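Heads up, the thing below is written out as structure tokens.
The values are calculated or read from the model by the stated rules, or taken from the named source; none is laboratory data. Predicted, not measured: the structure shown is a model, and the values here were computed from it. Every residue, glycine among them, receives a Cβ derived from its backbone with ideal geometry; neighbour counts consider all protein chains shown. Quick note on the areas: whole protein, heavy atoms, side chains included, nothing else; ligands and nucleic acids left out. Shrake-Rupley method; radii C 1.70, N 1.55, O 1.52, S 1.80 Å.
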Amino acid sequence: MNKMVTDIAVEMPTGLVQPEQENIDGIEYPKQTIGTPLLESSKMSMRNVDVFYGDKQAIFNVNVDIGQHEVIAMIGPSGCGKSTFIRSINRMNDTVESCKVTGQLTLDGEDIYSTKMDPVALRARVGMVFQKPNPFPKSIYDNVAYGPRLHGLASRRAELDEIVETSLTRAGLWAEVKDRLDQPGTGLSGGQQQRLCIARAIAISPEVILMDEPCSALDPIATAKIEELIAELSQNYTIAIVTHSMQQAARVSHRTAYFHLGRLVEVNETEKVFTAPEHQLTEAYITGRFG
Amino acid sequence: MQTANLLIVLLILSAVAYYMARGRSVAQAQPLGGIRHLHSLPFFYGMRAAIWCALPSLLLLAAWLLFDEPIISSLLIGGLPENLQPNSAAEHNLLLNSIENIASGALSAETSAPALVAAAESLRDLRSSGTNLVTAAVLSLSVLGMGWGWVKVSPILRARQQVERVFRGILLSCACVAIFTTLGILLSVLFESFRFFQAVPATEFLIGTEWSPQMAIRSDQVGSSGSFGAIPLFVGTLLISFIAMVVAVPVGLMSAIYLAEYASPRLRGIAKPTLEVLAGIPTVVYGFFAALTVAPFIRQTGEGFGLQVSSESALAAGLVMGVMIIPFISSLADDVINAVPQSLRDGSLGLGATRSETIKKVIFPAALPGIVGGVLLAVSRAIGETMIVVMAAGLAAKLTANPLDTVTTVTVQIVTLLVGDQEFDSPKTLAAFALGLMLFVVTLVLNFVALRVVKKYREQYD
């Protein structure tokens with residue numbers, strides 16, 4: 001990879017902005033994330049975030065904001081720390097024994113990693129959809145009702161029915177499953193399972209939804225449905241999506257963040273990232289030179 | 001030649017066959033440009049020759065060892081004069097025995113009938129000529145096989161396929177050993193039980209409530225008939241197994257949940273092997289622990305409360321049996337819980353569930369079929385467990401559900417019926433087979449159901 005990057009540096013088109021660079025292991029990184037990582041008003045903000053697995057550092061000094069009702073896509077080559085980063089946002093990394101997160105991460109100004117913050121309550125506010133559809137081995141109804149029951153969101157059966165119906169409707173699954181709510185969620189197709197997982201996540205009305213490569217296990221048609229769904233959900237929710245598909249990032253997101261080997265290289269309006277990337281690493285990635 | 005010597009010679013011959021055929025295949029490959037022009041590797045050519053050398057002659061030898069006795073004895077009996085021909089099977093065996101004894105010198109030849117002495121003479125002749133004949137046949141067959149294996153070596157010979165087919169056959173026959181042994185045991189138990197049920201009606205055995213298998217020798221004595229109602233034994237077995245499961249299931253499950261979900265890897269690394277050491281303790285040790293420590297303790301404690309406690313209470317045996325089964329359940333449940341995919345845990349935690357909510361509502365239900373399977377396997381172990389109950393439970397067949405009372409179990413009765421010198425045609429000893437059959441059927445059904453449940457569960461996530 002190092003060699004490739006040197007090639008790129010040679011081919012660099014003139015006229016691109018050349019900010020202050022630092023050279024780490026032969027790769028030129030910008031000293032500060034290029035573009036518009038920070039916003040004036042934000043739903044979540046991350047400052048000086050480092051993540052370690054034991055002695056190994058996976059994320060280096062990331063600074064970024066996520067705006068209210070914004071879809072932000074995180075792209076980058078495999079192993080660049082995208083998943084690690086979003087799993088830090090709702091403290092899913094707590095379950096990994098050796099993982100340590102430092103820096104300041106806030107949700108509506110509240111420190112996510114302070115001792116006062118209960119990770120359980122946090123995860124109810126910051127929901128998550130995983131790479132592989134993971135419906136519980138329960139009925140479709142019970143899958144969606146799982147969260148609301150946990151958090152006591154419905155006192156009567158009718159209320160619960162309503163939550164289940166609206167969540168499934170929003171996830172675009174209601175029409176397909178309304179006659180077989182009592183059947184196991186594991187019996188649905190892959191795409192339906194993933195939409196069920198999205199319905200399950202929105203049933204507890206989270207403020208932010210994190211999606212970790214939600215379409216990587218799905219066929220193109222199911223992917224298209226999920227992408228439509230993301231566009232609709234962005235009216236009510238703040239969404240951070242990790243994806244390997246640049247087309248997907250281009251289609252669904254407002255802003256795009258490019259990670260490279262644990263460093264956040266560039267954050268910009270999605271259109272800008274894909275038409276006029278400011279940093280040569282971003283440019284190399286989106287033109288398919290690595291990844 | 002003796003069989004053992006013959007086997008050693010065969011081994012040497014097949015080793016020779018291996019090296020000769022292997023060498024020949026390599027030599028044949030040389031002009032073609034190396035062994036990659038052979039159909040199979042040289043090993044397979046050598047192996048094929050070794051198999052041809054050893055297998056047919058081994059089969060011949062085995063056939064001889066199986067059938068030499070019947071052939072020789074029928075020749076002997078056939079050679080006897082008309083007036084000595086046996087009338088019954090018993091007489092036939094007796095006759096053979098005395099011929100055998102004369103031949104070996106245990107019976108004096110002078111006092112025996114001349115026809116028998118002659119028969120003994122011919123027995124010795126037959127034996128030695130038979131052995132010589134078979135040695136010659138086996139050796140020539142193996143040399144022939146060796147030659148065949150050597151001659152057939154050629155670059156196009158499909159030696160690998162042939163050798164692998166033979167090895168597959170050997171694997172298959174090994175698998176069959178276990179199955180046929182089980183079948184054989186089942187059949188023998190079945191036949192003996194059938195004889196028992198000819199003496200004692202099945203209805204009495206299955207629904208009778210009185211068990212006293214001791215039969216008097218003469219029919220005019222007290223208790224001459226014996227009674228074979230097995231219900232008290234089954235109730236006793238179930239009572240002790242129930243107590244054992246009451247101890248083992250909750251403790252085993254909870255320790256499994258702790259180990260699988262909460263324990264740090266370091267603690268788990270220590271605790272799990274420790275728990276499994278418990279499973280390695282011989283049950284006889286548990287047995288005297290139950291009889292000498294637990295039973296007196298329960299008796300004293302119970303009497304402290306003013307209860308009447310038998311010194312061989314079902315409670316003591318059940319408790320210790322439960323402790324014995326804990327590692328079994330815990331280890332099985334731990335495996336099942338670990339097999340629940342991490343993605344389900346993540347999914348639940350990601351919805352804001354706590355760890356314990358995740359365990360109760362997602363992991364436990366997902367693992368339940370496997371846990372049920374494990375518990376059923378444990379039940380069948382408890383029912384079949386013998387040593388602890390022999391030492392700690394009583395012998396009196398009482399029909400009671402009181403855990404402080406003494407009860408006896410099916411396995412204990414089988415042991416007491418068969419310990420010591422017994423005649424094998426009285427209902428008393430045959431009853432052991434009937435009990436064994438019941439035990440066999442019950443545990444078989446339980447294991448079958450349990451394994452089906454476990455298997456069904458496994459399919460869900462694979």
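Quick notes on this structure:
- Cα-based shape type of the stretch B:261-312, given that a ≥ b ≥ c are square roots of the gyration tensor eigenvalues and the cut on a/c is 1.5: oblate
- Reciprocal of mean inverse Cα separation for the stretch B:78-218 (Kirkwood radius, Å): 22.3
- Measuring with a 1.4 angstrom probe and ignoring ligands and nucleic acids, A:THR287 comes out at about 80 Å² accessible.
- Taken over the Cα atoms of the stretch B:402-462, the convex hull encloses 138 Å³ per residue.
- Listed residue (A:SER189, B:LEU332, B:ILE281) projecting farthest to the positive dipole end of the protein assembly as shown, Cβ model: A:SER189
- Taking the C-alpha atoms of the stretch A:77-126, convex hull volume expressed per residue in Å³: 96
- Peptide A:91-101 has a mean of 1 when you count, residue by residue, the C-beta atoms of other protein chains within 10 Å of its C-beta.
- Proximal lysines relative to B:LYS398, as straight alpha-carbon distance under 29 Å, when same-chain residues fewer than 8 apart are discounted: B:LYS428
- Across the protein assembly as shown, Cα-Cα pairs more than 36 Å apart make up 68 percent of the total.
- Database remark: amide H of A:ILE239 closer than 5 angstrom to the amide H of A:GLU70, A:VAL71, A:ILE72, A:ILE209 (H placed geometrically; neighbours at sequence offset of 5 or more, or on other chains; Pro and chain starts carry no H).
- 20 Å cut-off, amide nitrogen to a point 7 angstrom out along B:ALA89 Cα→Cβ, residues in the stretch B:412-426: B:423-426
- Both radii come from the Cα set of the stretch B:341-389: Rg as radius of gyration, Rh as Kirkwood radius; their ratio Rg/Rh reads 1.28.
- Using a probe of 1.4 Å on the protein chains alone, the accessible area found for B:VAL246 is around 80 Å².
- Extension gain, B:VAL284 to B:ASP425, is 47.7 nm, computed as 0.36 nm per intervening residue step minus the present C-alpha separation.
- The stretch A:84-101 - phi-based ³J(HN,Hα) in whole Hz, Karplus 6.51/-1.76/1.60, Gly and Pro as x: 4, 5, 6, 6, 7, 5, 10, 6, 5, 5, 4, 6, 8, 3, 8, 7, 10, 10
- Averaged over residues, the count of other Cβ atoms within 10 Å places the peptides A:159-168, B:201-210 in the sequence A:159-168, B:201-210, highest first.
- 27 Å Cα-Cα threshold exceeded, pairs from A:LYS138/B:LYS456; A:LYS31/A:LYS56; A:LYS138/B:LYS455; A:LYS31/A:LYS225; A:LYS31/A:LYS116; A:LYS31/A:LYS100: A:LYS31/A:LYS225; A:LYS31/A:LYS116
- Dividing the mean sequence gap of close Cα pairs (under 8 Å, 6+ apart) by how many residues the stretch A:21-286 holds gives a relative contact order of 28 percent.
- Look at the dipole of chain B built from charges on Cβ: of B:THR411, B:ILE156, B:GLY130, the Cα furthest out on the positive end belongs to B:ILE156.
- Between amide H atoms placed 1.01 Å from N, distances below 5 Å from A:LEU264 occur with A:PHE60, all of them 5 or more places distant or on a separate chain.
- Within the stretch A:28-77, the percentage of alpha carbon pairs spaced more than 18 angstrom apart rounds to 40%.
- Chain B: relative contact order as a whole-number percent, Cα under 8 Å and 6+ apart: 16
- Equivalent ellipsoid semi-axes - Cα gyration tensor, the stretch A:21-286, angstrom: 33, 21, 16
- Proximity of backbone amide H atoms, modeled 1.01 Å from N, is registered between B:VAL407 and B:ALA314, B:GLY394 at under 5 Å, excluding neighbours fewer than 5 places apart on the same chain.
- Accessible surface ranking that places the most exposed of A:SER234, B:SER140 first, with a 1.4 angstrom probe: B:SER140, A:SER234
- Each Lys and Arg contributes +1 and each Asp and Glu -1, all at the Cβ; summed about the Cα centre of the protein assembly as shown, the dipole is approximately 1000 debye.
- Kirkwood estimate for the stretch B:135-278, i.e. one over the average of 1/r between Cα atoms, Å: 23.3
- The magnitude of the dipole of the stretch B:3-157, with charges of +1 and -1 set on the Cβ of Lys/Arg and Asp/Glu and taken from the Cα centre, is near 1360 debye.
- From the alpha carbon centroid of the stretch B:431-454 to that of the stretch B:246-297 is 25 Å.
- Of every Cα-Cα pair in chain B, the percent that sits beyond 38 Å: 56
- From most to least packed by mean Cβ count within 10 Å, the peptides A:129-135, B:277-283 give A:129-135, B:277-283.
- Counted by Cβ distance under 15 Å from B:GLU303, the other residues give a net charge of -1, where Lys and Arg count +1 and Asp and Glu count -1.
- For the stretch B:68-83, backbone phi angles converted through the Karplus equation (6.51, -1.76, 1.60; θ = phi - 60°) give residue-by-residue couplings of 5, 4, x, 5, 4, 5, 5, 5, 4, 4, x, x, 6, x, 3, 6 Hz, Gly and Pro being listed as x.
- Legend: calculated FRET efficiency, B:LEU267 to A:GLN247, from the Cβ-Cβ distance at R0 = 56 Å, rounded to 0.05, equals 0.75.
- Chain B - percent of accessible surface contributed by carbon and sulfur, probe 1.4 Å: 68
- For the residues of B:361-371, the average number of beta carbons from a partner chain within 10 Å of their own beta carbon is 2.
- Whole-number accessible area per residue in Å² for the protein assembly as shown, which is evaluated in the context of all protein chains at 1.4 Å: 49
- Rounded to the nearest 10 degrees, the inclination of helix A:220-233 to the longest alpha-carbon principal axis of chain A is 90 degrees.
- For the residues of A:129-138, the average number of beta carbons from a partner chain within 10 Å of their own beta carbon is 5.
- Chains A and B together bury roughly 1700 Å² of accessible area, counting both sides, with a 1.4 Å probe on protein heavy atoms only.
- Coordinate range along principal axes, alpha carbons of the stretch B:3-157, Å, largest first: 77, 25, 18
- Estimated at 0.36 nm per residue, the fully extended path between B:SER104 and B:LEU41 surpasses their Cα-Cα distance by 17.4 nm.
- Inter-part distance, the stretch A:40-60 to the stretch B:327-390, computed on C-alpha centroids, equals 37 Å.
- For the stretch A:21-286, the Cβ-based charge dipole about the Cα centre amounts to some 600 debye (Lys, Arg positive; Asp, Glu negative; other atoms uncharged).
- Kirkwood Rh and Cα Rg combined as Rg over Rh, evaluated for the stretch B:65-128: 0.94
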